[in-house]
Amino acid sequence: MASALSDSRVSAEHIPVKLVIAGPFGVGKTTIVSALSEIKPLNTEEVLTQAGTLVDDLTGVSDKTTTTTAIDFGRLTLPGAVLYLFGAPGQTRFQVLWDELVRGALGVLVLADTRRIDESFAVLDLVENAGIRYAVAVNHFPDSPDYPLESVRKALDLDPRTPLMVCDARDPASARASLIALVEHVRELVLS
Amino acid sequence: MAAARLTVPEHIDVERTTLVYIAPDAATNGLDPPGSHLLALLQDGPLSVYECAAHLGLPYCVVRLLVAGLVGGGTLLTRNPPVATSLPDIEILELVLSGLRAL
């Protein structure tokens with residue numbers, strides 16, 4: 001679905017920076033990309049194939065099993081840099097797409113839902129396997145149980161240094177605070 | 001669209017977040033319809049390949065090749081995200097942090 005073209009443009013001097021927001025279906029990826037993006041988020045379909053031969057599958061050959069998955073895409077222009085946000089499902093069957101998305105990304109913000117904490121394990125596995133830096137934000141829903149963050153950390157088996165916070169994916173300030181925590185964490189890793 | 005011919009370079013240095021813009025001295029006529037649609041889209045300034053794909057209503061992997069072909073022909077220029085190394089550049093991190101904090 002294409003949005004209006006009347007959006008602002010970046011300049012060629014902006015450094016493109018990629019950030020991935022990952023989490024299971026229904027965790028709030030679309031919501032947080034909308035809260036952060038300066039453009040109407042683009043919802044695109046990515047074609048997935050077993051072999052990852054993305055190009056071959058679009059030449060009209062229909063005898064291959066293909067599936068698509070929705071990606072939320074947003075943009076946030078900062079002085080000198082433009083952040084591109086990809087909201088992607090973190091499931092192992094999307095491994096090929098996942099590898100492409102995280103390649104060169106600054107980091108991954110993992111969104112978790114304490115009502116369905118077990119669904120975050122697959123996402124965390126992908127992130128860990130990719131060796132990409134990440135932070136975890138618990139998207140708080142009205143009926144989310146109030147677990148202390150330390151027990152969430154234990155349940156997710158997170159490293160003590162991995163940032164873990166509660167956020168409201170609908171709130172731009174809260175969403176930005178999660179991104180800042182992620183980027184601060186990456187900076188600490190680079191400086192250490 | 002079906003008749004569009006894509007000249008695909010062997011090495012494609014274009015990905016989703018590659019910024020694409022029109023080369024200052026580019027010849028912009030005589031392109032296939034997808035190519036001219038892409039150029040019309042870029043008249044207002046640079047866009048990422050992913051945004052181009054969404055606006056054109058074409059799959060990313062098709063637009064990636066389209067862009068690569070037009071880059072090879074000198075019509076388009078690109079700016080790629082920093083090369084994926086083990087750790088990001090500290091200057092970029094500071095740039096992003098100060099930008100986010102100032103919002």
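The values are calculated or read from the model by the stated rules, or taken from the named source; none is laboratory data. What you see is a predicted model, and the numbers here were worked out from it, not measured in a lab. Neighbour counts are summed over all protein chains in view; Cβ atoms, including those assigned to glycine, are modelled from backbone coordinates with ideal geometry. These area figures cover heavy atoms from the full protein model, side chains too; ligands, DNA and RNA do not enter into them. Shrake-Rupley method; radii C 1.70, N 1.55, O 1.52, S 1.80 Å.
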- Message: Please enumerate, by chain and number, the aspartates and glutamates with C-alpha under 19 Å from the C-alpha of A:K154, excluding those fewer than 8 residues away in the same chain.
- Response: A:D113, A:D118, A:E119, A:D125, A:E128, A:D146
- Taking a probe of 1.4 Å and leaving out DNA, RNA and ligands, the range A:15-191 shows per residue an accessible area in Å² of 42
- Item | Cα extents of the protein assembly as shown along the three principal axes, largest first (Å) | 63, 46, 34
- By how many nm would the segment from A:S8 to A:T92 grow when fully extended, if each residue of separation counts as 0.36 nm and the alpha-carbon distance is taken off? 26.7 nm
- Averaged over residues of A:76-82, the number of beta carbons from other chains lying within 10 Å of each residue's Cβ is 6
- Query: So how much accessible surface do A and B hide from each other in total, probe 1.4 Å, in square angstrom to the nearest 100?
  - Reply: 4000
- Query: Which aspartates and glutamates have a Cα lying under 17 Å from the Cα of A:K40, excluding residues fewer than 8 positions away in the same chain?
  - Reply: A:D7, A:D72, A:D171, B:E51
- Query: Tell me, what is the Rg over Rh of the range A:78-139, with Rh the Kirkwood radius over Cα pairs?
  - Reply: 0.99
- Task: Bin width 5 Å, alpha-carbon pairs only: give the P(r) of chain B as whole percents, running from 0 to the bin holding the largest distance.
- Result: 2, 12, 22, 21, 16, 10, 9, 5, 3, 0
- Query: Per-residue ellipticity at 222 nm for chain B, helices alone: DSSP H runs ≥ 4 residues times -39500 (n - 2.57), over residue total, nearest 500 deg cm²/dmol?
  - Reply: -13000 deg cm²/dmol
- Query: For the range A:15-191, what ratio Rg/Rh do Cα atoms give with a Kirkwood hydrodynamic radius?
  - Reply: 0.97
- Measuring with a 1.4 Å probe in the full set of protein chains, what accessible area per residue, in whole Å², belongs to the range B:19-102? 43
